[in-house]
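A short worksheet on the structure shown next.
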Amino acid sequence: MQTSGWSSARTLCADLDASPTPYHAVTRAIEHLDAAGFHEATETWETQNPAGRWYFRDGGALVAWVVSADHHASSPFRVVGAHTDSPNLRIKPVPDLESAGLSQLGVEVYGGALTNSWLDRDLGLAGRVVAVEAGEPRTFLFRDNRPILRVPQLAIHLDEDFRRSGLNLNRQRHLVPVWSTGSAPTFTQYLADQLSLDPEAVLSWDAMAFDLTPATLAGLNEEFLVSARIDNQLSCFVALRSLVQVADEPGPSIPVVALFDHEEVGSVSTTGAASPFLRRQLERIWRVLGASAADVYQSCAKSLVVSADGAHATHPNYPERHDPEHTVELNGGPVLKVNANQRYATDATTAARFELACRRAEVPMQRFVSRGDVACGSTIGPAAAGELGIAVVDAGIAQLAMHSAREMAGADDPQRFADVLRVLLGQ
Ligand code: ZN
């Protein structure tokens with residue numbers, strides 16, 4: 001049955017549809033935060049009263065936190081971390097191509113995309129453009145919701161390999177979208193038209209294709225949530241709304257949500273989890289609370305990071321790819337993720353804290369570990385643990401088709417995960 005809470009699957013569909021890129025996801029997040037009375041912590045934040053609701057943004061990354069009058073220099077943090085980026089097709093710096101009388105745009109594959117899922121879809125274009133204004137670079141967001149890009153699959157009659165060995169896609173040659181029959185403008189001209197700028201002013205872009213099909217509830221009884229970017233924008237918006245709820249009554253810890261970029265390519269960037277991005281914001285908070293070195297050590301020792309990211313549900317058509325003792329079901333509740341080789345940062349102590357939170361929230365919990373002969377993915381968890389020196393638990397919502405252009409999860413699981421995150425953020 002559908003829950004009617006603030007993180008009901010239908011509400012989350014609107015968030016996912018509003019977020020074709022990491023930059024749009026952060027913009028959407030800030031809309032929610034603004035509505036809940038959060039303010040931007042600018043460079044002068046340190047001179048203000050630290051108590052209140054705050055956020056700091058950098059491109060496709062965001063940190064939001066709540067400091068109450070009861071918090072002090074050695075208060076621990078409760079951080080929920082997630083990532084705004086998803087595998088997709090990104091426009092190259094010199095993208096204008098022509099072949100067989102068609103205009104095309106050169107793309108790079110970003111992250112571990114299931115490239116077949118981008119074929120024969122109606123694709124829009126979105127991202128950010130940097131243009132010069134009065135001698136200075138200025139960043140603009142853009143989003144074109146028309147189905148202007150398309151990657152047509154090769155007809156089966158022309159693909160001898162297809163029956164023998166299935167579909168084989170070359171990431172340089174076979175994923176180049178078409179967008180016109182010849183007389184297309186240059187990509188720079190197109191961007192200038194989108195933003196009403198002089199083409200000479202357009203300097204650079206982070207532009208990417210996105211599937212135009214809206215997120216939806218699916219299945220016989222609408223028990224599935226189907227959308228692009230479930231990994232990991234679903235965690236982002238569930239985490240944010242849990243923070244907004246906790247903000248009314250923060251507990252003894254300082255609740256924080258950190259949304260990072262670039263997880264799908266290893267988290268090493270200025271806005272990734274392996275950067276000082278989050279640590280610098282925590283250091284600002286310690287500074288305004290007057291923390292000494294001893295306070296910082298005490299705070300870290302009692303703090304916890306929840307690395308919130310998609311978990312693999314057991315695939316009904318490939319059950320042999322999963323560990324038989326660790327079946328994970330859609331709509332089976334939040335999933336605790338464990339990997340002895342630290343691809344997930346969970347250990348026995350953080351696993352126990354997560355399980356106790358599930359009990360307090362009265363939601364069922366599942367456990368994931370990958371088969372010994374199948375490599376598992378990773379998350380922001382290990383990077384955050386290494387960067388912060390704070391205990392981490394990896395957990396998330398079960399899903400199928402991870403890294404497809406269109407993924408699926410259970411429609412009931414977001415609310416349950418939100419209930420657990422609310423308990424953890426409020427402790
Ligand atoms: Zn992920």
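Basic side chains Lys and Arg get +1 at the Cβ, acidic Asp and Glu get -1 at the Cβ, and with that the dipole of the range 88-211 about its Cα centre reaches some 400 debye. Translational diffusion of the range 279-352 was estimated from the Stokes-Einstein equation, with Rh taken as the Kirkwood radius over Cα pairs; at 37 °C and 0.692 mPa s the coefficient is 210 µm²/s. Computed over the chain, the percent of Cα pairs more than 41 Å apart is 18. When you filter the trypsin sites (Lys or Arg not before Pro) in the range 367-423 for DSSP loop state and at most 15 other Cβ atoms inside 10 Å of their Cβ, you are left with Arg371.
Using per-residue counts of other Cβ atoms within 10 Å, averaged over each peptide, order 196-207, 155-166, 21-32, 324-335 from highest down.
Descending mean neighbour count gives 21-32, 324-335, 196-207, 155-166.
Compared with the direct C-alpha span, the chain from Ala294 to Ala375 gains 25.1 nm at full extension, assuming 0.36 nm per residue. Distance between the pseudo-spin-label points of Glu98 and Asn317 (7 Å out from Cα toward the beta carbon): 4.1 nm. Taken one residue at a time, the phi angles of the range 207-215 give Karplus couplings (6.51, -1.76, 1.60, θ = phi - 60°) of 10, 8, 7, 9, 6, 7, 5, x, 4 Hz. Gly and Pro are set to x.
Summing Cβ point charges (Lys, Arg +1; Asp, Glu -1) relative to the Cα centre of the range 119-278 gives a dipole of roughly 340 debye.
Direction-averaged projected area, Cα convex hull, the range 29-98: 7.8 nm², rounded to one decimal. For the range 78-99 versus the range 257-278, the spacing of their alpha-carbon centroids is 14 Å. If you take all other residues with their beta carbon under 11 Å from the beta carbon of Glu264, and give Lys and Arg +1 and Asp and Glu -1, the sum is -4. With a Förster radius of 60 Å applied to the beta-carbon distance between Ala301 and Leu119, the computed FRET efficiency rounds to 0.75.
Which translational diffusion coefficient, to the nearest whole µm²/s, is obtained for the range 88-211 from the Stokes-Einstein equation, given a Kirkwood hydrodynamic radius over C-alpha pairs, 4 °C and 1.567 mPa s?
Numbers: Rh = 15.6 Å.
Calculated translational D: 83 µm²/s.
Distance between the pseudo-spin-label points of Leu141 and Asn49 (7 Å out from Cα toward the beta carbon): 3.1 nm.
Dipole check for the chain: with +1 at the C-beta of Lys and Arg, -1 at the C-beta of Asp and Glu, and the Cα centre as origin, the magnitude is about 540 Debye. Take every DSSP beta bridge whose two residues both sit in the chain; close to 70 percent of them are antiparallel. On the beta carbon distance between Glu40 and Leu154, with R0 = 30 Å, the FRET formula returns roughly 0.05. Divide the volume of the convex hull around the Cα atoms of the range 25-163 by the residue count and you get 198 Å³ per residue.
Here, each number is a calculation from the coordinates, and none is a lab measurement. From a predicted model like this one, the values you see are computed outputs, not experimental measurements. Quick reminder, even Gly has a Cβ in these numbers, built from the backbone with ideal geometry, and neighbours come from all protein chains shown.
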